[in-house]
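A.B. asks: Supplied in structure tokens, the structure appears directly below.
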Amino acid sequence: MKLGKFFTFIVVALVANLNAIQAQDIHFSQFYVSNLTLNPATTGVMSCQMRVSAIYRNQWASVAGENAFNTFGLGVEGKFEAGTNDFVGAGLSVWVDRAGASSFTAVQASVSGSYMKKIGGRRANEHFLVAGGQVGFTQRSIRLDELRWGSNWDGTRYNGSLPTNESVYSRSLSVADISAGLLWFSALDKDNESNVYAGIGFQHLTKANLSFMNPGSELLYTRFTIHGGGEARVARRLAIVPNFALMVQGPSTQLNVGTGVKFDFSKKASSSQAFTVGAYVRGANRVLDDAETAGFGADAIVALIRLRFGSSHIGLSYDINISPLMAASNGNGGFEFSYVWTLCNRKGRRLGCPTF
């Protein structure tokens, strides 16, 4: 059996092992674009009054073919004045994830809200503390007709005629989900060309049961996310845009860290046309079958480019796999495309805050 086919079999087997995958979340390399899945306290945090974001990820297509992982996310947010200095944010997000021979499909729709409290500073250095919450509804489903179980292996090859002793309790389930978070951000100049932020998110506070095979025996781990970044203007048309996100969920840990270099097309002090190029490194620990970990190591290098044209931002990124799976993937990882559109009211008050 060739290595590529063997790895495809392993991928299918992992998807078939529904107890093993039930406690894992979706993730995006452009995590700063999918802010509503990162931390509900980012809801409405923007200089403008409205933001619409969409992101699509395709992973392992070179190895798994038609069983590749496909994830799509959509978010809509608004920001509203609340008194003299404060703001409230409201948002709606939906994401859909499908993977593997089982057509393992997860759909989540959530509503989120935030309150932005100014805690000090003037226009050139004002800073805010934001508290946010999110309530969601998740539906997951699988198909069994294309799955290959361990009992179908006759010692030489797959034999579909062999009986299986697998017991699937349900092929579809629905649960409620609650998340919360805090965020701090600050302007570093009066023109909102430089800023800094840091936040912490708590996802899956309900610890819902998402097992298709053993109801009540496997609970979804709460995920803790620490993230931060900013934008530092180093010249009139040049800025550095670093970001990081550390996510811990049960025995699993993932770290994304990197930076982009932003170039303004225009010679104006505040440009609405720019492009950013950069690179990130994603690291993760390897979780064994007994939930023990086998150390932390680099998983992928992410190359990215982001273009801004007026109110639109277009992002492209590609994961270059550098984990032990390179032997099967030939370095191929995941492709992502994102689009963000913002609506700015010239009469509305703007904030010196990060750009997601």
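The values are calculated or read from the model by the stated rules, or taken from the named source; none is laboratory data. Please read all numbers here as calculations on a predicted model, not as lab measurements. Cβ sites come from the backbone with ideal geometry, for glycine too, and all protein chains shown count toward neighbours. Areas reflect the complete protein model, heavy atoms only, side chains present, ligands, DNA and RNA absent. Shrake-Rupley method; radii C 1.70, N 1.55, O 1.52, S 1.80 Å.
A.B. asks: Cut-off 13 Å, label point 7 angstrom out along Cα-to-Cβ of residue 191: give me the residues of the stretch 220-236 whose amide nitrogen falls inside.
C.D. replies: Inside the label zone: 233-236.
A.B. asks: Using the structure shown, list the pairs from 79/207; 118/190; 118/262 with a Cα-Cα distance above 21 Å, or answer none.
C.D. replies: Too far apart for the 21 Å limit: 79/207; 118/262.
A.B. asks: Additional query: Could you give the length gained on full extension between residue 143 and residue 335, defined as 0.36 nm per residue of separation minus the Cα-Cα distance, in nm?
C.D. replies: On the way: separation 192, 0.36 × 192 = 69.12 nm, distance 2.55 nm.
Value of the extension gain: 66.6 nm.
A.B. asks: If 344, 353 are ordered by their accessible area, calculated over protein heavy atoms with a 1.4 Å probe, which sequence runs from highest to lowest?
C.D. replies: Numbers: 344 55, 353 0 Å².
In descending accessible area the options line up as 344, 353.
A.B. asks: Next question, about the same structure. Put a dot 7 Å past each Cα toward the Cβ at residue 171 and residue 246; how far apart are the dots in nm?
C.D. replies: 4.4 nm
A.B. asks: Under 14 Å from the Cβ of residue 203, count the other residues' Cβ atoms, weight Lys and Arg +1, Asp and Glu -1, and hand me the total. Write out the running numbers ahead of the final one.
C.D. replies: Working: positive: 207, 223; negative: 25, 177.
Neighbourhood net charge equals 0.
A.B. asks: Mind ordering 71-80, 42-51 by average Cβ neighbours within 10 Å, highest first? If you can, show how the numbers build up before the last one.
C.D. replies: Working: 71-80: 20.0, 42-51: 24.1.
Packing proxy ranking, top to bottom: 42-51, 71-80.
A.B. asks: Using packing as a proxy for protection, rank 135-141, 252-258 so that the peptide with the highest average count of other Cβ atoms within 10 Å comes first.
C.D. replies: Details: 135-141: 17.1, 252-258: 18.7.
Descending mean neighbour count gives 252-258, 135-141.
A.B. asks: Find out how many positive minus negative residues lie around residue 315, taking Lys and Arg as positive, Asp and Glu as negative, among other residues whose Cβ is under 12 Å from that of residue 315. Numbers along the way, then the final one.
C.D. replies: Details: positive: 57, 306, 308; negative: 336.
Local charge sum for residue 315: +2.
A.B. asks: Using the beta-carbon distance between residue 253 and residue 343 and R0 = 45 Å, what value does 1/(1 + (r/R0)^6) give for FRET efficiency, to the nearest 0.05? It would help to have the intermediate numbers written out before the result.
C.D. replies: Numbers: r = 37 Å, r/R0 = 0.83.
Working from the Cβ atoms, E equals 0.75.
A.B. asks: Taking 0.36 nm per residue of separation and subtracting the Cα-Cα distance, what length does fully extending residue 154 through residue 261 add?
C.D. replies: Result for the pair: 33.1 nm of gain on full extension.
A.B. asks: Using a Förster distance of 30 Å, how high is the FRET efficiency between residue 236 and residue 314, based on the Cβ-Cβ distance and rounded to 0.05?
C.D. replies: On the way: r = 24 Å, r/R0 = 0.79.
So, using R0 = 30 Å, E works out to roughly 0.80.
A.B. asks: What is the set of long-range amide H partners of residue 333 at a cut-off below 5 Å, with H atoms built 1.01 Å from backbone N?
C.D. replies: 319, 321
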